[in-house]
């Protein structure tokens, strides 16, 4: 029974990461301003997740406390800022580079955990942090003639990683709250935040554009959250972490085959170093030793 649960969880996690890795292509193909894309992602995603939450019975009284509502709303502000910055970075660098830089998020969470949760920064974690920084330097230096636009895109992706880490920190405070309900609160928060900024006077008239926005809202938000949280509930942490690295790999492949962007050798090396460092800190690898640290009882 346990092996069947792990198998199902693995399939859900793989599907969630495959979906996540393609979002950049749909964002760029929509041709819409980033604020409008994120607004429609939130609005359409909210409708999708509301149906899911209703079917799971998560709107019953007592499921959500006032404190949990406030924390989830704060996390929603962070996750929406994360999407705005990440999507904006695509046009300044590329989907692949933005995604690689975005994968510094475990180190952002590491620092926030040390500051606000009292988590200890070990020598091993500092080693992986230093390695990730070297990877970042390689990416920054990797594009000849990149100029200020390229650097600005990298800074946007770093900002996105920071706000994602804030959202993850908020999620740590919401243990016991149904995850689909947290996701619903986040996207509703985003829709309310961005409604005054969205351009309703110039709505898309193309079926193709609306199709892209629907895919981002339904598939990349509603369906992806359901798959992701379903997987997290079934899988051990180390397997969830390992499978999550499918996301940047898929993003690189999409960027290469769909958009024709090719990473230069220095960029590729820096990306590989960041992925290695992120895997090391996420999976608890010990430099110079095989396998994760053994936990004592």
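The values are calculated or read from the model by the stated rules, or taken from the named source; none is laboratory data. Values in this document were obtained by computation on a predicted structure and should not be read as measured data. Because the Cβ atoms are built from the backbone with ideal geometry, glycine has one as well, and the counts that use them run over all protein chains shown.
As a summary of the residue check, residue 57 satisfies the conditions (1) more than 30 Å from residue 200 (Cβ to Cβ); (2) loosely packed, with under 15 Cβ neighbours inside 10 Å; (3) in contact with a helix residue (DSSP H, G or I) (Cβ under 7 Å, 6 or more places away or on another chain); (4) modelled with pLDDT of 90 or more except for the one numbered (3). Just give me the residues in the range 245-278 being closer than 21 Å to residue 127 by Cα and under 15 Å from the mean Cα position of the chain (by Cα), in sequence order. Once the filter is applied, which keeps residues that are closer than 21 Å to residue 127 by Cα and under 15 Å from the mean Cα position of the chain (by Cα), the range 245-278 yields 245, 275, 278.
Of the residues 237, 282, the single one that is within 17 Å of the chain's Cα centre (by Cα), free of Cβ contacts under 8 Å to residues at least 12 places away in the same chain and either under 20 Å from residue 157 (Cβ atoms) or surrounded by fewer than 16 Cβ atoms within 10 Å (Cβ to Cβ) (or both) is 237. Can you give me the number of residues within the range 39-58 that are outside any helix (DSSP H, G or I) and either under 17 Å from residue 197 (Cα atoms) or in contact (Cβ under 8 Å) with a residue 24 or more places away in the chain (or both)? Of the residues in that region, 2 qualify.
Let's see how each residue does on (1) free of Cβ contacts under 8 Å to residues at least 12 places away in the same chain; (2) outside any helix (DSSP H, G or I); (3) over 25 Å from residue 29 (Cβ atoms):
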| site | (1), (2), (3) |
| --- | --- |
| 74 | no, no, yes |
| 77 | no, no, yes |
| 115 | yes, no, yes |
| 118 | yes, yes, yes |
| 127 | no, no, yes |
| 154 | no, no, no |
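Residue check: residue 36 meets all listed conditions (1) in contact with a helix residue (DSSP H, G or I) (Cβ under 7 Å, 6 or more places away or on another chain); (2) closer than 15 Å to residue 193 by Cβ but one, namely (1).
Checked against the criteria, residue 223 does not count as under 25 Å from residue 53 (Cβ atoms) and surrounded by 20 or more Cβ atoms within 10 Å (Cβ to Cβ).
When the range 261-297 is filtered for residues that are in contact with a strand residue (DSSP E or B) (Cβ under 8 Å, 6 or more places away or on another chain), assigned to a helix (DSSP H, G or I) and modelled with pLDDT under 85, only 283 remains. Within 14 Å of the chain's Cα centre (by Cα) and either farther than 22 Å from residue 270 by Cα or not in a helix (DSSP H, G or I) (or both): is that true of residue 19 in this structure? So residue 19 fits the description; yes.
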